[in-house]
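Working notes, beginning with the structure itself.
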Amino acid sequence: MTDATLISCTNAKRDRAAPARELYDESAYFRDMRAYAEARHGPWFILSAKHGLVEPGEVLEPYDAVGLSTSQAETIAADLVDRGVTTVHVTAGKQYTDPLTPALESVGIDVVEVARGMKIGERRSWLQRRTTELVNGNLV
């Protein structure tokens, strides 16, 4: 059983090619999601509106796209199954989770949408608080 964290890409990006973990760090929200994913000490991936499931070290050019299609979600689900992932913790918004959650569940992956229904400020606050707890060893 493998637990993974999925975070979303953001509109704010560097203006040049960079590893995905750095491409989106013009966004404070992305930095919060990345810190949370890293604090969980397991595999994590970025949900890219253009590229689908992206490894943090994969070098990407900047692009303009938002959300996932059903086809992308199905491809991501199959890729995660191939990687042995059985549970995902997702920090993304509805444009990503609405197509992705059903695709993941249809292949037997348990989905924990950690920020479901929260506005961006609430998400950031939750991510910061949870990351601090994880770093300090207060949570498993």
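Filtered by the rule that a residue be in a helix (DSSP H, G or I) and either closer than 24 Å to Leu80 by Cβ or at pLDDT 90 or above (or both), the stretch 105-120 gives Glu105, Ser106. Scanning the stretch 1-13 for residues that are of a type outside the set (S, T, N, Q) and surrounded by 15 or more Cβ atoms within 10 Å (Cβ to Cβ), we see that the one that is farthest from Glu113 (Cα to Cα) is Lys13. Within the stretch 80-120, the set of residues being out of contact with any helix residue (DSSP H, G or I) (no Cβ under 9 Å at 6 or more places or on another chain) and of a type in the set (Lys, Arg) comprises Arg83, Lys94, Lys119. The residues of the stretch 27-82 that are touching a residue at least 40 places away in the same chain (Cβ under 8 Å), under 13 Å from the mean Cα position of the chain (by Cα) and in a loop (DSSP other than H, G, I, E, B), listed by number, are Arg40, Gly42, Pro43, Ala49. Looking only at residues of the stretch 83-104 that are within 13 Å of the chain's Cα centre (by Cα) and assigned to a loop (DSSP other than H, G, I, E, B), we find that the one that is modelled with the highest pLDDT is Thr91. Quick one: in the stretch 17-26, of everything that is part of a loop (DSSP other than H, G, I, E, B) and in contact with a helix residue (DSSP H, G or I) (Cβ under 9 Å, 6 or more places away or on another chain), which residue is surrounded by the fewest Cβ atoms within 10 Å (Cβ to Cβ)? Per the criteria, the residue is Ala17.
The values are calculated or read from the model by the stated rules, or taken from the named source; none is laboratory data. As the structure is a computational prediction, the values presented were derived from the model and not from experiment. Here the Cβ is made from the backbone with ideal geometry for all residues, glycine too, and neighbour counts use every protein chain on show.
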